[in-house]
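Everything on this sheet refers to the single structure shown next.
The values are calculated or read from the model by the stated rules, or taken from the named source; none is laboratory data. Owing to the predicted nature of the structure, the values given are computational and were not obtained by experimental measurement. Positions of Cβ are generated from backbone atoms using ideal geometry, with glycine treated the same way; all protein chains shown enter the neighbour counts. Accessible surface is based on the protein model in full, side chains and every heavy atom, while ligands, DNA and RNA are left aside. Shrake-Rupley method; radii C 1.70, N 1.55, O 1.52, S 1.80 Å.
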Amino acid sequence: MQQIQTASVRAPGFMGLNLQDSVANLDAGFALEANNCIVDQKGRIGSRRGWKALTTSIGSYPIGSLGEFIDYTDSSNVFACANSKIYRLDGQTLTEIVYSESGDFDPTTEITGNNWKQCSLNGRHYFFQEGHKTLVYDPDVSTEQYNVVNEVISYQAFSETLGTCPEAATAITAYGRIWAAGMANDKDLLCFSDLVDGNVWNTGTAGTLDVMTVWADGSDAIQALAAFNNYLFIFGKRQILIYRGAEDPSTMYLEDIVKGIGCVSRDSIAYTGSDVIFLSEVGVMSLLRTIQEKSAPLRDLSMNVRDELVANMNSENKANIKATYYARDAFYLLHLPVTGKTYCFDTRRPLDNGGLRVTTWSGIDPVCMVAISDNRLLFGKTGVIGLYNGYSDNGNPYTFSYKSTHFEMDKPTSLKILKKVGAVFIGGNNQEITTKWAYDYEEVMESATVNLKSEKVAEYGIDEYGIGEYSDGTVLDDVYVNTTGNGETVQIGFEADINSIFVSLQRIDVYYKFGKIHL
């Protein structure tokens with residue numbers, strides 16, 4: 001009688017999704033599905049955190065922009081833009097910020113959108129949106145007021161207009177000034193404010209830069225801006241202009257042009273500390289820190305999911321695509337609102353091909369996102385700010401799902417008769433796990449359910465993610481299900497409805513016999 005064979009996969013899915021390469025040749029460390037998952041510090045596939053409402057509701061108004069302002073007292077102020085208004089987070093309340101009555105600006109008619117780009121300079125917080133006057137919040141005037149830059153403004157230090165602040169679509173603070181671009185009537189013009197004064201645009205060291213004749217790959221339009229290591233990056237749709245010496249605009253110069261790659265979404269740009277990550281027409285890219293070479297090196301971080309990502313991206317209004325970098329968990333999060341899919345890129349350990357480990361999230365659906373200075377990740381939701389926290393989506397369960405690659409057991413032409421599938425999980429605490437299996441690339445999978453045990457294991461009870469959140473209800477458990485059927489290739493999957501307790505997949509064990517050899 002033929003002996004039962006065993007095969008094990010340790011840390012299944014630790015390489016993240018691979019939807020790009022042939023499924024017949026994938027390493028067992030990849031996954032063909034890893035939804036509502038992250039790759040944790042130990043290199044394991046585990047359930048993501050959920051979100052909970054941080055604020056009371058302001059009604060059925062999507063929060064389209066979130067930003068943080070650190071004032072002179074080193075206090076954090078979080079601003080949310082919704083219903084054509086600006087709110088500040090006060091405890092659990094979103095307090096509407098009142099417009100300071102001056103000039104002829106009427107916020108009830110002139111603010112018509114919520115997709116503001118926010119940035120701060122020298123104790124003031126600024127809001128930019130294409131086709132809108134630039135707004136500024138100054139706590140020295142009132143903690144409840146904002147105003148319009150370059151109208152007749154009411155600050156004691158300014159009593160007249162000081163140049164025309166651009167009605168820009170994008171802006172950043174860098175090298176002691178504000179840089180703004182993307183005006184509706186001039187997509188090639190970059191404007192920069194006076195040094196340490198975002199209210200001054202026509203005197204001192206303020207100025208403009210017209211890049212219309214600089215584009216090297218045909219005409220383009222400024223989509224986004226970034227700054228790093230004394231460089232200023234001006235992103236078009238199909239190319240990137242790299243200016244060196246941006247600490248002094250009067251002497252900065254064009255050092256390089258990256259052709260064929262641009263940025264398609266203003267809010268896809270994020271800083272990781274050593275990289276600038278952004279979304280291009282061909283996927284998520286990283287502009288590396290060292291750019292001494294003639295052409296700035298580019299890495300395609302999304303190469304393992306590129307085709308799916310690009311197809312989904314092309315169905316989106318790219319102005320609504322949002323991203324952020326969350327340093328605490330070292331991931332870059334990119335959300336596509338039409339498809340409802342969020343891509344999570346683990347930046348800790350690049351793969352050998354230079355790409356990042358990728359998982360997907362569904363159901364969390366942020367309208368916008370921001371990681372703030374106290375290590376919290378906030379989501380703009382409909383009517384509320386959500387906090388990335390816990391293991392439910394505002395009290396509702398979400399489904400963790402994983403599917404392996406297709407196993408041939410080193411004998412591709414032999415029939416495999418699957419007898420049993422085992423798995424080792426951390427977490428769950430009486431969690432119901434659905435084990436799935438299929439043969440020969442079939443999409444419909446057989447399934448059986450089993451419950452994890454209810455107890456604690458101290459070895460895995462502390463600092464699983466470095467923050468002690470796995471200290472309660474943590475279980476290390478082996479689960480097994482008897483299986484049926486046969487085929488030349490085998491695929492294994494697991495699902496669990498996450499509701500208050502995490503689950504992390506450690507190992508898969510497959511028990512099988514060989515059948516006939518197919519010639």
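This table checks each residue for (1) farther than 29 Å from A496 by Cα; (2) touching a residue at least 24 places away in the same chain (Cβ under 8 Å); (3) in a strand (DSSP E or B); (4) open to solvent by 40 Å² or more (accessible area, probe 1.4 Å).
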site	(1), (2), (3), (4)
D21	no, yes, no, yes
A24	no, yes, no, yes
G29	no, no, no, no
E33	no, yes, yes, yes
Q41	no, yes, no, yes
S60	yes, yes, no, yes
A80	yes, yes, yes, no
G113	yes, yes, no, no
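Can you tell me how many residues in region 390-421 are touching a Lys or Arg at 6+ places or on another chain (Cβ under 7 Å), open to solvent by less than 50 Å² (accessible area, probe 1.4 Å) and either among the polar types (S, T, N, Q) or not in a loop (DSSP other than H, G, I, E, B) (or both)? Qualifying residue count, region 390-421: 1.
With respect to the conditions (1) open to solvent by 10 Å² or more (accessible area, probe 1.4 Å); (2) in a loop (DSSP other than H, G, I, E, B); (3) in contact with a Phe, Trp or Tyr (Cβ under 7 Å, 6 or more places away or on another chain), P366 lacks only one, and its number is (1). Considering region 376-389, and only residues there that are more than 14 Å from the chain's Cα centre (by Cα) and outside any loop (DSSP other than H, G, I, E, B), the residue that is nearest to T56 (Cα to Cα) turns out to be I385. For G182, state whether it is at pLDDT 90 or above, on the phi > 0 side of the Ramachandran plot, in contact with a strand residue (DSSP E or B) (Cβ under 7 Å, 6 or more places away or on another chain) and not in a loop (DSSP other than H, G, I, E, B). Spelling it out, G182 is indeed at pLDDT 90 or above, on the phi > 0 side of the Ramachandran plot, in contact with a strand residue (DSSP E or B) (Cβ under 7 Å, 6 or more places away or on another chain) and not in a loop (DSSP other than H, G, I, E, B). Among the residues of region 1-13, is any at pLDDT below 95, of a type in the set (S, T, N, Q), part of a strand (DSSP E or B) and in contact with a Leu (Cβ under 9 Å, 6 or more places away or on another chain)? The answer is no, given that none of the residues of region 1-13 is at pLDDT below 95, of a type in the set (S, T, N, Q), part of a strand (DSSP E or B) and in contact with a Leu (Cβ under 9 Å, 6 or more places away or on another chain). For region 231-254, indicate whether the set of residues that are under 27 Å from G64 (Cα atoms), assigned to a loop (DSSP other than H, G, I, E, B) and in contact with a Lys or Arg (Cβ under 6 Å, 6 or more places away or on another chain) is non-empty. Scanning region 231-254 turns up no residue that is under 27 Å from G64 (Cα atoms), assigned to a loop (DSSP other than H, G, I, E, B) and in contact with a Lys or Arg (Cβ under 6 Å, 6 or more places away or on another chain). When the residues of region 193-206 are filtered to those that are open to solvent by less than 20 Å² (accessible area, probe 1.4 Å) and touching a strand residue (DSSP E or B) at 6+ places or on another chain (Cβ under 6 Å), the one that is farthest from Y243 (Cα to Cα) is V200.
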